[in-house]
Amino acid sequence: MSLNSQIFNYAGLIILASIGSYAVYIGSQKWIRYQARVRRARQMPIEPLLHHDWRSEKPRQLRPFKPTYNITMGIQQDSFTARQFMGFVRGGEEATYELYSYLLTHHLPSRFPGLFKIHNNVFENHITGANFPAEPPHDPDYCLRVLAETVEEDIFLLQETESTHVCLAFACCHPAGFDPSAKLGADLKAIHGPVPHFEKIGPSMERYFRKLEVGKSVKRVNWNIQIGTDITNIAGNHIKEGDTFVSDEAVNCEEGFLRCELQSLTRLPETKFILFSFKTYMYPLGDIKAEGSGPELADAIDGLLTGNAPGLNKYKGAVRWGKGVKDYLRS
């Protein structure tokens with residue numbers, strides 16, 4: 001073998017060894033970051049529900065409507081194509097991995113130990129029978145899909161910039177009147193662009209997001225009326241600028257619902273991203289009427305016009321269904 005051949009072979013071995021060492025290093029760094037996420041998550045205490053029976057659990061009875069609708073953040077302290085319903089852009093990967101680690105390795109097994117378990121580094125969902133790796137794979141799309149299959153809440157991950165907050169990842173299967181994919185890469189102002197009078201609370205929302213501390217969670221409840229049973233309703237519910245509609249159209253209130261979103265905000269401890277999530281509840285209007293809350297909800301529909309954001313009367317669609325629904329609730 002010539003000297004040049006020997007040198008070439010030695011160089012090749014050195015390169016292979018370097019590549020192997022680098023691969024081991026990258027793998028070890030991923031493991032170190034994963035373990036760090038797990039340790040941070042476990043520092044946040046969670047009270048376990050040892051005998052929780054999800055089959056008999058009744059949904060929360062949210063009644064957030066008031067006689068006059070004023071646009072506010074309304075915050076309270078709180079103890080299908082895949083591309084359209086989930087996605088990320090560059091910069092959202094680590095926050096996605098952090099949320100995956102927190103929910104699958106800590107929150108769900110700790111809060112509901114009878115329903116979710118970690119066994120041999122595998123997350124076991126005893127409700128659906130699905131199993132997923134406890135350590136997040138280096139694939140944000142996969143992690144978002146697992147989150148969407150595991151929890152009922154829709155999620156948006158927002159990164160703070162010098163001037164605003166930008167959505168860099170999301171998994172939203174239950175939108176009401178908007179295309180979730182259109183929010184990806186958008187800031188708070190663009191996200192709420194179609195919402196009338198958002199300028200009244202936009203600056204306050206930005207300030208509140210910036211002040212939100214790790215370990216603190218806040219919530220608010222939003223409501224609307226929906227005619228029809230589709231919980232995934234991209235095109236319906238809202239009337240945007242330029243949309244055509246029929247005023248005071250005939251509606252079948254037997255297929256009408258009070259649709260509520262229990263929204264929450266928290267800050268992830270590692271990446272410092274804001275996690276905005278919401279869970280959707282739909283209550284038949286017949287149930288609202290039967291419990292005696294019909295007149296109160298009808299007054300709240302009237303209040304859409306008398307508050308500080310009258311444009312929401314049209315945006316929420318009350319110009320279409322308002323008269324029929326109010327007559328039904330008051331009858």
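Quick note: the coordinates plus some simple rules give every number you see, no bench work behind them. The structure displayed is predicted, hence computed values, not measured ones. Here the Cβ positions follow ideal geometry from the backbone for every residue, glycine too, while neighbour counts run over all protein chains shown.
Shape class for the stretch 177-331, computed from the alpha carbon gyration tensor (a ≥ b ≥ c): prolate, with a/c not under 1.5 and a/b above b/c. Length gained on full extension, GLU160 to GLU255: 30.1 nm, using 0.36 nm per residue less the C-alpha separation.
Considering all different alpha carbon pairs of the stretch 168-234, the Kirkwood hydrodynamic radius works out to 14.2 Å.
Here the residues ARG207, ARG111, ranked from fewest to most Cβ neighbours within 10 Å of their Cβ, fall in the order ARG207, ARG111.
Above 19 Å, the calculated P(r) of the stretch 251-314 contains 55 percent of its Cα-Cα pairs. Straight-line cross-link reach from LYS216 at under 13 Å between alpha-carbon atoms covers these aspartates and glutamates, not counting any fewer than eight positions away in the same chain: ASP78. Less than 5 angstrom separates the built amide H of ALA186 from those of CYS167, all sequence-distant by 5 or more or on a different chain. Within the same chain, aspartates and glutamates fewer than 8 places from LYS272 are excluded, and of the rest, those with a Cα less than 16 Å from its Cα are GLU93, GLU94, GLU98, GLU160, GLU162, GLU206, GLU213.
Of the residues LEU285, THR244, SER204, the one whose Cα sits farthest towards the positive end of the charge dipole of the stretch 162-316 is SER204 (charges of +1 on Lys and Arg Cβ, -1 on Asp and Glu Cβ, taken about the Cα centre). Among LEU62, LEU184, LEU168, sorting on how many other beta-carbon atoms sit within 10 Å of each Cβ, with the fewest leading, yields LEU62, LEU184, LEU168.
A Förster radius of 35 Å, combined with the Cβ-Cβ distance separating TYR208 from SER247, puts the computed FRET efficiency at roughly 0.45. Just to be sure I understand: if I project the alpha-carbon convex hull of the stretch 114-224 onto a plane and average over all orientations, what area do I get in nm²? The number I arrive at for the stretch 114-224 is 9.3 nm².
Taken along the Cα-to-beta-carbon direction at a fixed 7 Å, the label points for LYS240 and GLN84 span 1.3 nm. In this simple spin-label approximation, THR229 and GLU296 carry label points 7 Å from Cα along the Cα→Cβ vector, and these lie 2.8 nm apart. Taking the fewest neighbouring Cβ atoms within 10 Å as the starting point, the ordered list for LEU188, LEU158 is LEU188, LEU158. For the stretch 173-331, the Cβ-based charge dipole about the Cα centre amounts to some 760 debye (Lys, Arg positive; Asp, Glu negative; other atoms uncharged).
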